[in-house]
1. Within the stretch 89-134, take every residue that is over 23 Å from residue 177 (Cα atoms) and touching a strand residue (DSSP E or B) at 6+ places or on another chain (Cβ under 7 Å) and give me the one that is surrounded by the fewest Cβ atoms within 10 Å (Cβ to Cβ).
2. Among 220, 208, which is surrounded by 20 or more Cβ atoms within 10 Å (Cβ to Cβ) and in the same structural domain as residue 285 (by TED's automatic domain parsing)?
3. Out of all the residues in the stretch 74-88, is one or more surrounded by 13 or more Cβ atoms within 10 Å (Cβ to Cβ), modelled with pLDDT under 95, part of a loop (DSSP other than H, G, I, E, B) and assigned by TED's automatic domain parsing to the domain that holds residue 14?
4. Which one is surrounded by the fewest Cβ atoms within 10 Å (Cβ to Cβ), of the residues in the stretch 316-345 that are farther than 21 Å from residue 213 by Cα and touching a helix residue (DSSP H, G or I) at 6+ places or on another chain (Cβ under 7 Å)?
5. Please determine, by comparing only the residues of the stretch 140-153 that are touching a helix residue (DSSP H, G or I) at 6+ places or on another chain (Cβ under 8 Å) and farther than 24 Å from residue 30 by Cα, which one is surrounded by the most Cβ atoms within 10 Å (Cβ to Cβ).
6. Sort through 228, 215 and tell me the only one that's in a helix (DSSP H, G or I), over 12 Å from residue 257 (Cα atoms) and either modelled with pLDDT of 95 or more or not assigned by TED's automatic domain parsing to the domain that holds residue 335 (or both).
7. Being in a helix (DSSP H, G or I), touching a helix residue (DSSP H, G or I) at 6+ places or on another chain (Cβ under 8 Å) and free of Cβ contacts under 8 Å to residues at least 40 places away in the same chain, is that true of even one residue in the stretch 271-289?
8. Can you tell which of 169, 108, 173, 138 is closer than 25 Å to residue 11 by Cα and in the same structural domain as residue 62 (by TED's automatic domain parsing)?
């Protein structure tokens, strides 16, 4: 089987291997176990590999480099006019070779892939929509267009579109799905967590405004002000790092709030095991892996009511749903901090739920799709 991936994820070529963002590649390595040849259509990055990049595990890879583009500035709009035809042609050529077409959405490249795949109605296709599928959410026009094309059985045939959450009025193209990080063999005992010593919070994600790491810091700062022995470790890098460093320094928070940068999966797992709460006050998500990963290790999740998060948290029965009002959210957390039994109940419920979604189950479901 020739398996074609069309994705916006930047790839790094190093020592004749193809590297990209580790969570994405780990997932794709499960898909490509079943294929004879892998064809990747994606942009090239000139950056060096880092601890958050890994390589594809396949010995027959054809890589088709394409330009990345955006329409955020007037100058980039003009450049895009010239780039798009070439990108579409390369996507078309790759799809001609495909036995199975796999689209990664949402994204600019994903949008072009959605359009080009219309020309191949008889080929088997899957699309992974990693964003928020909620039809009521406010999203960019390009995202809305991708969702419309993918869910339209007249335009898009022979496809299964994998989305997070269960939504009303979906077409036959749409299949509720999930993602996973850990194996069945990782189901070790959840560490006992109590409030006798420091209460640990962890944030894992890119340090950008959309993930709202500053609000995460302010929440823990408010709990400290109320007299709780708390700490927060933030894992990840991004353009907000300088702003966060300045806030931490100006408010003398460095004794209990730290920026840990990018770390490998094992370091992140240790952080989850040692933490009581995993926090993600994000403005947009699909299936937030940081939340599911933290829950796996007994962290009580604290997250915003976006996408399928209310489903993941059972509407607050196994976590805390943020209202993005500092006083009210701190009150919600404080209520749990004052009741260890309630914390333990939510922690166990979180872990039990998350451990249903392992890589073993994920791989079995992928085999059915292929």
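The values are calculated or read from the model by the stated rules, or taken from the named source; none is laboratory data. What you see is a predicted model; the values in this text were computed from it and never measured. All Cβ positions, even for glycine, are placed from backbone atoms using ideal geometry, and neighbour counts span all protein chains on display.
1. In this case the residue turns out to be 97.
2. Numbers: 208 fails: surrounded by 20 or more Cβ atoms within 10 Å (Cβ to Cβ).
Residue meeting the stated conditions: 220.
3. The answer is no, given that none of the residues of the stretch 74-88 is surrounded by 13 or more Cβ atoms within 10 Å (Cβ to Cβ), modelled with pLDDT under 95, part of a loop (DSSP other than H, G, I, E, B) and assigned by TED's automatic domain parsing to the domain that holds residue 14.
4. Top of the filtered list is 317.
5. Of the residues in the stretch 140-153, the ones touching a helix residue (DSSP H, G or I) at 6+ places or on another chain (Cβ under 8 Å) are 142, 145-146, 149-150.
Next, only the ones that are farther than 24 Å from residue 30 by Cα stay: 142, 145-146, 149.
Working: 142: 16, 145: 15, 146: 27, 149: 20.
Once the filter is applied, the top-ranked residue is 146.
6. Working: 228 fails: in a helix (DSSP H, G or I).
215 is the lone residue from the list that is in a helix (DSSP H, G or I), over 12 Å from residue 257 (Cα atoms) and either modelled with pLDDT of 95 or more or not assigned by TED's automatic domain parsing to the domain that holds residue 335 (or both).
7. Pass one, the stretch 271-289, residues in a helix (DSSP H, G or I): 271-274, 289.
With the extra rule that they be touching a helix residue (DSSP H, G or I) at 6+ places or on another chain (Cβ under 8 Å), the set shrinks to 272, 289.
From what's left, free of Cβ contacts under 8 Å to residues at least 40 places away in the same chain: none.
No: the stretch 271-289 contains no residue that is in a helix (DSSP H, G or I), touching a helix residue (DSSP H, G or I) at 6+ places or on another chain (Cβ under 8 Å) and free of Cβ contacts under 8 Å to residues at least 40 places away in the same chain.
8. Values: 169 fails: closer than 25 Å to residue 11 by Cα; 173 fails: closer than 25 Å to residue 11 by Cα; 138 fails: closer than 25 Å to residue 11 by Cα.
Going through 169, 108, 173, 138 in turn, just one is closer than 25 Å to residue 11 by Cα and in the same structural domain as residue 62 (by TED's automatic domain parsing): 108.
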